[in-house]
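The values are calculated or read from the model by the stated rules, or taken from the named source; none is laboratory data. Keep in mind the model is a prediction, meaning the values are calculated, not measured. Please note: Cβ atoms are built from the backbone with ideal geometry, for glycine as well, and neighbour counts cover all protein chains shown.
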Amino acid sequence: MNIQTPVNGAELYRKLQALNDDAYTREVCERHAATIAEIMRLKKERRAVILAHNYQRPEIFEVADFIGDSLELARRSSEVRDAEMIVFCGVHFMAETAKVFNPDRMVLLPDMRAGCSLADAVTAEALADRKAELLALYPDLKVVSYVNCTADVKALSDACCTSANAVRVVNAIAAEHILFVPDKNLANYVQTQTSKQIISWDGNCYVHHQITPDEVEKVRAGIPGVVVLAHPECRKDVLAIADAVLSTSAMVRYAEQSPADKFLIVTECGLSDRLLMELPDKHFFKACKLCRYMKMITLAGARDSLVNLRYEITLPDEVREGARRALERMLELGA
Ligand code: SF4
């Protein structure tokens, strides 16, 4: 989706009031508005587009040409036509995916520290060893990797998936035994939706994994009628008590279309910020969990990225081609 950019600090201040966050004072909004104007000018000069993940800071949404979840951003980065470069406001594996689909364009990540606990949970070497071990037991075995992994892990996979299409990809792939990496919670969720045998990896997203059923029940008891939407990266005891288990973009559609007006959004808090700004007539309660990696991307970092053309993402050809094959398989199977 595209977002309207406020022309000045006062408008930005008014808009960010919806977040009820003391950090967004009038002075801070004035500063952000000046940086936003600089970024908009630089985008034109550099012929750049900015893609932003749903978990980014609210002020980043103001400079984004497109905001979405991993699947939407993967699709959008494959459709970029009139730009010379992409600035990716998200984490490292997502910028790698943009590079996979845009080998001839410069792809920039404003901060190279923006990693991911899930992507760190699996290396290509460890995956190759485990796959060889399991193939001896299950000759039909296929590897499905959640997109939250590095490009070299994707290159060893038969198909990728996102939380939005994981079940569709697993059901469509020609195998009864699936090694699913790296998210154990998502693997457990997929197992509840398929008759195939899922063999999970021991990784998790530290943001979602720390959320407990007690926290959710406390909010539910305090806000009668609240609809609980949980992301499948959450633990299974949290998913068991949710009203719906949805990817981040499915949460946006659900909240837009539902007659309910109170939602507890059980995922990283950036999504609640986006919902509060886009649907001001509804009430969104946050899980109060922030991803430290996502929040490493700042407006100043995005501006400096455009000024200094840093930090460029590069991939060896064989990794890029292998990852592209697994991602395209996902787009085919998960459509
Ligand atoms: S929210 Fe979790 S899965 Fe997403 S980037 Fe942060 S650590 Fe990784």
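Scanning the range 102-121 for residues that are farther than 30 Å from Asp202 by Cβ and modelled with pLDDT of 95 or more yields Met106, Val107, Leu108, Pro110.
Would you please name the residue that is farthest from the ligand (Cβ to nearest atom), looking only at residues in the range 274-300 that are over 26 Å from Glu215 (Cβ atoms) and more than 19 Å from the chain's Cα centre (by Cα)? Here the answer is Asp281.
Every condition in (1) in contact (Cβ under 8 Å) with a residue 40 or more places away in the chain; (2) within 16 Å of the ligand (Cβ to nearest atom) is met by Leu315 except one, and the failing one is (2). From the list Ile60, Ile86, Ile36, Ile67, the lone residue that is crowded, with 22+ Cβ neighbours inside 10 Å and more than 22 Å from the chain's Cα centre (by Cα) is Ile36. A count restricted to the range 106-123 and to residues that are farther than 19 Å from Ile67 by Cβ, crowded, with 17+ Cβ neighbours inside 10 Å and more than 14 Å from the ligand (Cβ to nearest atom) stands at 1.
Might you check whether a residue that is outside any loop (DSSP other than H, G, I, E, B), of a type in the set (S, T, N, Q) and more than 13 Å from Ile297 (Cα to Cα) occurs anywhere in the range 87-110? Taking every residue of the range 87-110 in turn, at least one turns out to be outside any loop (DSSP other than H, G, I, E, B), of a type in the set (S, T, N, Q) and more than 13 Å from Ile297 (Cα to Cα). Scanning the range 173-180 turns up one or more residues that are within 16 Å of the ligand (Cβ to nearest atom), modelled with pLDDT of 95 or more and closer than 18 Å to Ala326 by Cβ. In the range 1-72, counting only helices (runs of 4 or more DSSP H) that sit wholly within it, the ones holding 3 or more residues that are in contact (Cβ under 8 Å) with a residue 24 or more places away in the chain and out of contact with any strand residue (DSSP E or B) (no Cβ under 9 Å at 6 or more places or on another chain) span 9-16, 26-46. Checking every residue in the range 188-207 against the condition of being surrounded by 23 or more Cβ atoms within 10 Å (Cβ to Cβ), farther than 30 Å from Ala83 by Cβ, touching a residue at least 24 places away in the same chain (Cβ under 8 Å) and small (Gly, Ala, Ser) gives at least one match.
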